[in-house]
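> Sharing a structure, written as structure tokens. Questions coming.
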Amino acid sequence: MGHDLVIGILLFFVAGFLMAFAALLVGKFLRTSLPHPDKDAAYECGEPTIGSSWVQFDLRFYVVALVFLIFDIEIALFYPWAVVYKSAGIAALWDMLFFFAVLVLGFLYLWRFGYLDWVRATEGQSRKFDAKPDDDLGKAARQWA
Amino acid sequence: MIRGVNKQQMVVGGIGATLGGFAALVLLFIFRSQLADLLADQFYFSLFLALGLFGIIMTAVAYCILLERKISAWVQDRYGPNRVGPLGLLQPLADGIKLFMKEDIIPRHVDKGLFVLAPFLAFVISMIGYAVIPWGGEFRWPWMPEGETLKCQVASIDIALLYILAVGSMGVYGVVLAGWASNNKYAMYGAMRASAQMLSYEVPLAMMVLVAILTSQSMRLEDAVAFQAGSWWTFAYHPLAALILFIAALAEANRAPFDLAEAEQELIAGFHTEYSAIKWAMFFLGEYTHMITSSAVMVSLFFGGYLLPDFLPGAHWVNESTNILAMFARMGVLFAKIGIFIAVYMMVRWTLPRFRYDQLMSLAWKAFVPMGMLIVLMQVLIIYNDWPQWYSLIGNIVILLAGGLFSAAVAKPITGRQVSLLKRERGMT
């Protein structure tokens, strides 16, 4: 059975790669090539681009990636469990429910403190931040102001 | 006329191709008994099926693009492509030739290795999900001994759905690499948005697949289909789960109304801004292939897979016979269902306006994930206690209503006049 999978995946993989590669290779003989300095420029705004775009990006994307990672692992654990838990008895059920509860707790924490909000800079979301004027976050905010 | 090829060469090429095809037919005829033996073996049959499917799907994808243009034309009261061939049916061919012939620009400022690798990844990863989809159940060639059957499936494995989940998650790589390698701000923003969106919607998607696994108590897609034989299809018991799965699949494919990654007005074309010609085409082939895969999984899990509804005449024969014709009929049924799903995808795209990014994220994390967790929990208890299946229908409706009422109760406008935190800090309001 595992044998089948390897063959099937390899076949699709190789076929896909070969086709894409053949498309590039065959195209190489057919297509025109008229290099021009303007074609090498970044497609941004018509003016020469200022700076590289390999810059830092917003922390929110990392948070999403982290939360996703945790949930995805949970679900990947759930899949095989879901197939056998009925025959594995009550202990399996309670184990997973406990695990699930921990996850839900984490999820509620994220929700409460606004990590699930995308827009965070306005008063609509501000109740989520527990910053007082005299604590660290509040001082940092004043410094930046 | 192709540049550098004259008429004489084209005639010679045509004759050569015809002769080659004829020779292949003769060879097939000579080795027909060996071929029959090979086709009767599951392993070699899988190989042939994989190659055949590759061809079918590539053609289907090309025609999906035509269908998309036709549907958009229909929605917007236009004609759509109608010049190349009857009803524009040769348009995909013309597009393909055009994309082959176009100049393939690799700008100087990109990371060249990753820039070339990204479309390959996007394309290949969307292909390999097909390996585990049951296309037509079990069947028997007329020359095989009685009682033996073959599975019309490339790889029949125990962890098919886990595999689909893993492959689906890998789709992010193509997008992120493309955006990063392009060294273009629009591409970068598009890729970041797309990856965050795909990750977010992966979670409810995987949860809804988990509901289907719990229901059929198997991670095999063919078991999920067999479970639905002779009863209501799973979506009748899990309407909310099927709906969430559909919407999440829509977002996962970066399709409108969730096409934030390539919001034209803001980001030109998103992560594939810098791509042209055949590499650009590979992203598109990947996107449409992904649509077909996700529709196939959705149909298999919630909409009866290759089964015909029982009340139709001949449904019994189509669903259960091991005759080769019945197998092709089942394949046709599956393709028809996939086609319906894709048409719905397209009509949604041309009907609904685009989401705003924060709405998109909160839809995933604050609506679908909690609802999904509740549905999973409900289904775990229902299966464990052997409660009747229609309990889950009630549960789904209750969860939908509860979610709706809850969000209506806590809803507050996020647009309109907002006061910045700093201003409030300084007492300026």
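> For the stretch B:88-96, state whether one or more residues are at pLDDT below 85 and farther than 24 Å from B:E287 by Cβ.
no
> Additional query: Any chance you could count how many residues in the stretch B:225-278 are open to solvent by 10 Å² or more (accessible area, probe 1.4 Å), over 30 Å from B:V176 (Cβ atoms) and part of a loop (DSSP other than H, G, I, E, B)?
Residues meeting the conditions: 5.
> Filter the stretch A:41-63 down to the residues that are more than 7 Å from every other protein chain (Cβ to nearest Cβ), free of Cβ contacts under 8 Å to residues at least 40 places away in the same chain and within 23 Å of B:S195 (Cβ to Cβ) and list them by number.
Passing the criteria: A:T49, A:G51, A:V55, A:Q56, A:D58, A:L59, A:Y62.
> Name every residue in the stretch B:141-166 that is buried (at least 20 other Cβ atoms within 10 Å of the Cβ), modelled with pLDDT under 85 and aliphatic (A, V, I, L, M), in order of residue number.
If the condition is that a residue be buried (at least 20 other Cβ atoms within 10 Å of the Cβ), modelled with pLDDT under 85 and aliphatic (A, V, I, L, M), then B:L150, B:V154, B:A155, B:I157, B:A160 are the ones that fit.
> With A:S87, A:S33 as the choices, which residue is more than 7 Å from every other protein chain (Cβ to nearest Cβ), open to solvent by 70 Å² or more (accessible area, probe 1.4 Å) and not aromatic (F, W, Y)?
Details: A:S33 fails: more than 7 Å from every other protein chain (Cβ to nearest Cβ).
Criteria check complete, one pass: A:S87.
> If a residue must be crowded, with 22+ Cβ neighbours inside 10 Å and under 16 Å from B:A62 (Cα atoms), how many such residues does the stretch B:330-344 contain?
Selection size over the stretch B:330-344: 1.
> Which numbered condition in (1) more than 9 Å from chain A (Cβ to nearest Cβ); (2) within 16 Å of A:M19 (Cβ to Cβ) is the only one that B:S72 fails?
Of everything listed in (1) more than 9 Å from chain A (Cβ to nearest Cβ); (2) within 16 Å of A:M19 (Cβ to Cβ), B:S72 misses just condition (2).
> So, restricting to helices (runs of 4 or more DSSP H) that lie completely within the stretch B:356-429, which ones have at least 3 residues that are surrounded by fewer than 19 Cβ atoms within 10 Å (Cβ to Cβ) and modelled with pLDDT of 85 or more? Walk me through it before giving the result.
Values: elements: B:357-362, B:369-384, B:390-410, B:421-425.
Of the helices (runs of 4 or more DSSP H) lying wholly inside the stretch B:356-429, those with at least 3 residues that are surrounded by fewer than 19 Cβ atoms within 10 Å (Cβ to Cβ) and modelled with pLDDT of 85 or more span B:369-384, B:390-410.
> Please go through the stretch B:279-325 and pick out each residue that is in a helix (DSSP H, G or I), surrounded by 18 or more Cβ atoms within 10 Å (Cβ to Cβ) and among the aliphatic types (A, V, I, L, M).
Result: B:A281, B:M282, B:L285, B:M291, B:I292, B:A296, B:V297, B:M298, B:V299, B:L301, B:V318.
> In this structure, does B:M188 turn out to be within 13 Å of chain A (Cβ to nearest Cβ), under 30 Å from B:I394 (Cβ atoms), open to solvent by less than 20 Å² (accessible area, probe 1.4 Å) and of a type in the set (A, V, I, L, M)?
No, not satisfied.
The values are calculated or read from the model by the stated rules, or taken from the named source; none is laboratory data. All of these numbers come straight from a predicted model, not from anything done at the bench. Ideal geometry is used to build each Cβ from the backbone, glycine not excepted, and the neighbour counts take in all protein chains shown. Surface accessibility is based on the protein's heavy atoms, side chains included, excluding ligands, DNA and RNA. Shrake-Rupley method; radii C 1.70, N 1.55, O 1.52, S 1.80 Å.
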